[in-house]
């Protein structure tokens, strides 16, 4: 599917566009933002920077040029005009763009943050690119072709595979407590001690990559925006994991969570059971 939509030269052009955009407008602003270059959107903690806006403009122009007839659904564009999201329901290929994932980290001069691009056709993720600017690493995946990490500084590459621990106490995961329902938030915080490690690092793309690399094993997201999840979910799937909402595989048309990412069906079931257990025995642990 992806191979028939993008030629090898087009794939290379997407890769180069993401790296060039990051080097031109994202990295130069890291730890170098003035007060006037950071703004808020829906809330005081929902930040946007000049790097987010400029990167999305550059990426949008380049990506639609690489694939004529394609459209762009970007985080900043949708913030200004929510109707742009409707493109995902159409027939045209759609680029899903998160120009700076982990904006709060980036705005505070901290890591991790990344640049994410996904390609969707008919409501299905078929291509994904996540760029780690600080590490100069690109992780990419195409449906049914696997996931690959490329170290651009050395030219080395390797295929990614998830790891699948059997015991809950051996599982590392990510939970976005802030965006959970009130009932789930308290329960998950209380039960988190059952797992080896639970954290949130403020960058969904990096959380997906750590699962795909086998360093961590699951994640739970309460807020569902396609730019946060389309690229990473395909990368995890192509590395051997899964992404589900309810009983369905995740897709960019989903708008309600929670979204569960896991390295295996067993990890998914175990994480759900452990984190959502509301028995009296669990309550006594608090």
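For the reader, a short list of remarks on this structure follows.
- Extension gain (nm, one decimal) between residue 32 and residue 199, 0.36 nm per residue minus Cα-Cα: 57.4 nm
- Relative contact order (%) - segment 187-263, alpha-carbon pairs under 8 angstrom, separation at least six: 33
- Order of 180, 116 - criterion: other Cβ atoms within 10 Å of each residue's Cβ, fewest first: 180, 116
- Overall form of segment 14-155 per C-alpha gyration tensor (a/c, 1.5; a/b vs b/c): oblate
- In percent, rounded to a whole number, the relative contact order of the chain is 16, using alpha-carbon pairs under 8 Å and six or more apart.
- Top of 226, 68, 252 by mean-square fluctuation, Gaussian network on the chain, Cα under 10 Å: 68
- Contact order relative to length of segment 1-105, as percent, for alpha carbon pairs under 8 angstrom and 6 or more apart: 27
- Overall form of segment 168-285 per C-alpha gyration tensor (a/c, 1.5; a/b vs b/c): prolate
- Taking every DSSP helix (H) stretch of at least 4 residues in the chain, weighting each as -39,500 (n - 2.57) and dividing the sum by the residue count yields a mean residue ellipticity at 222 nm of -9500 deg cm²/dmol.
- Residues residue 154 and residue 65, FRET efficiency given R0 of 30 Å [Cβ-Cβ distance, rounded to 0.05]: 0.50
- Length gained when the stretch residue 273-residue 9 is fully extended (0.36 nm per residue, less Cα-Cα span): 90.5 nm
- Residues residue 255 and residue 124, FRET efficiency given R0 of 25 Å [Cβ-Cβ distance, rounded to 0.05]: 0.95
Read-outs throughout are calculated quantities, based only on the coordinates presented, and are distinct from any laboratory measurement. Predicted model, so just to flag it, every value in this text is computed and none were measured. Every residue, glycine among them, receives a Cβ derived from its backbone with ideal geometry; neighbour counts consider all protein chains shown.
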